[in-house]
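Okay, so here's the structure we're looking at.
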Amino acid sequence: KRKTMERVAARAKLKRSRKMKQVEIFQNFDDASLSAVIDKMSLQTFQAGSTIVAQGDVADAFFIITKGICNVRRKTLVNIVHGQVIGRLGLFEHFGEAVLATAARRVFLRQSGMSGTVKEELRNATVEAAAGSDDTVQVLRLSMADVEDVLSSGVVDMKALQKRIEERHASRELLTSARQVWQRSETFARLRENRGVTNAGKGRSLFE
């Protein structure tokens, strides 16, 4: 009973916030349709330090934080084991948006009568519950199947949505490429600096 009450309260809190309107795929939903989407979301609670999603896992759900703070980690050349903290997410912020794009492509493919399959995307970062006032984080979770059901109901113009998703994907790819170049240059600089310190007084660095 307590879990049911918490789930109902979290959904109501999210509806009042109107934050779902900020998610691209839901921007053109009316209040009734958006409310129906939120009612499909399940509530999950995580202790501080727990992993909510892991980098490299199949992206199969979308999440919105309704309580607490999360750390976002990504494995890099600098820290390939645990990854570096690249961001923090707070109340009503979301992650797992790749699931929405995958679901939209699948529905568009079915509705257009085209053949083929849509490849599942992998998580590009790990999201973990951070320590807070009571060391717990709560998120509302929307599964891939539920997203597909919503989009199949006809509440959104799939052609327009597909175009926006493709444009955003192209923009994200350019940004990712730029970030990777920057990370490689930063890593090289650190290795070069460390090598220089190690070889102080022993001749030129191998990187020079």
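May I ask you to list the residues in the range 109-119 that are outside any helix (DSSP H, G or I) and either touching a Pro at 6+ places or on another chain (Cβ under 6 Å) or loosely packed, with under 15 Cβ neighbours inside 10 Å (or both)?
Within the range 109-119, GLY113, MET114, SER115, GLY116, THR117, LYS119 meet the criteria.
Which one of the conditions (1) within 30 Å of LYS67 (Cβ to Cβ); (2) at pLDDT below 75; (3) among the β-branched types (Val, Ile, Thr) does VAL181 fail to meet, given that it meets all the rest?
The one condition VAL181 does not meet is (1).
Can you tell me how many residues within the range 12-24 are touching a residue at least 40 places away in the same chain (Cβ under 8 Å) and under 14 Å from HIS94 (Cα atoms)?
Number of matching residues: 6.
Scan the range 75-105 residue by residue and report those that are charged (D, E, K, R) and modelled with pLDDT of 90 or more.
ARG88, GLU93
Tally up the residues in the range 154-165 that are open to solvent by 40 Å² or more (accessible area, probe 1.4 Å) and either assigned to a loop (DSSP other than H, G, I, E, B) or within 30 Å of GLY49 (Cα to Cα) (or both), please.
3
With respect to LEU122, determine if the residue is modelled with pLDDT of 70 or more, within 20 Å of VAL85 (Cα to Cα) and open to solvent by 40 Å² or more (accessible area, probe 1.4 Å).
Values: modelled with pLDDT of 70 or more: yes; within 20 Å of VAL85 (Cα to Cα): yes; open to solvent by 40 Å² or more (accessible area, probe 1.4 Å): yes.
So LEU122 fits the description; yes.
From the list GLY68, GLY56, GLY83, GLY87, pick out the single residue that is touching a strand residue (DSSP E or B) at 6+ places or on another chain (Cβ under 6 Å) and either open to solvent by 70 Å² or more (accessible area, probe 1.4 Å) or without any contact (Cβ under 8 Å) to a residue 40 or more places away in the chain (or both).
Details: GLY68 fails: either open to solvent by 70 Å² or more (accessible area, probe 1.4 Å) or without any contact (Cβ under 8 Å) to a residue 40 or more places away in the chain (or both); GLY56 fails: either open to solvent by 70 Å² or more (accessible area, probe 1.4 Å) or without any contact (Cβ under 8 Å) to a residue 40 or more places away in the chain (or both); GLY83 fails: either open to solvent by 70 Å² or more (accessible area, probe 1.4 Å) or without any contact (Cβ under 8 Å) to a residue 40 or more places away in the chain (or both).
Answer to the selection: GLY87.
With part of a strand (DSSP E or B), out of contact with any Cys (no Cβ under 6 Å at 6 or more places or on another chain) and surrounded by 15 or more Cβ atoms within 10 Å (Cβ to Cβ) as the only criterion, which of LEU151, LEU100, LEU142 stands out? Write out each step before concluding.
On the way: LEU151 fails: part of a strand (DSSP E or B); LEU100 fails: part of a strand (DSSP E or B).
Checking each option against the conditions leaves just LEU142.
Output the number of the condition that ARG106 fails; it satisfies all remaining conditions of (1) of a type in the set (D, E, K, R); (2) under 28 Å from LYS75 (Cα atoms); (3) not in a strand (DSSP E or B).
Single failed check for ARG106: (2).
Write out, first by first residue and then by second, each pair whose Cβ atoms fall under 9 Å of each other, whose residues are 6+ apart or on separate chains, and whose first residue, in the range 25-49, is hydroxyl-bearing (Ser, Thr, Tyr) while the second is open to solvent by 70 Å² or more (accessible area, probe 1.4 Å) and assigned to a loop (DSSP other than H, G, I, E, B).
SER33/SER153
Using the structure shown, decide if ILE69 is in contact with a Leu (Cβ under 8 Å, 6 or more places away or on another chain) and among the aliphatic types (A, V, I, L, M).
yes
Of everything in the range 16-36, what is among the polar types (S, T, N, Q) and over 21 Å from ALA101 (Cβ atoms)? Give them in sequence order.
Result: SER17, SER35.
The values are calculated or read from the model by the stated rules, or taken from the named source; none is laboratory data. As the structure is a computational prediction, the values presented were derived from the model and not from experiment. Here the Cβ is made from the backbone with ideal geometry for all residues, glycine too, and neighbour counts use every protein chain on show. The protein model used for the area step is the full one, side chains on, heavy atoms only, and it has no ligands, DNA or RNA in it. Shrake-Rupley method; radii C 1.70, N 1.55, O 1.52, S 1.80 Å.
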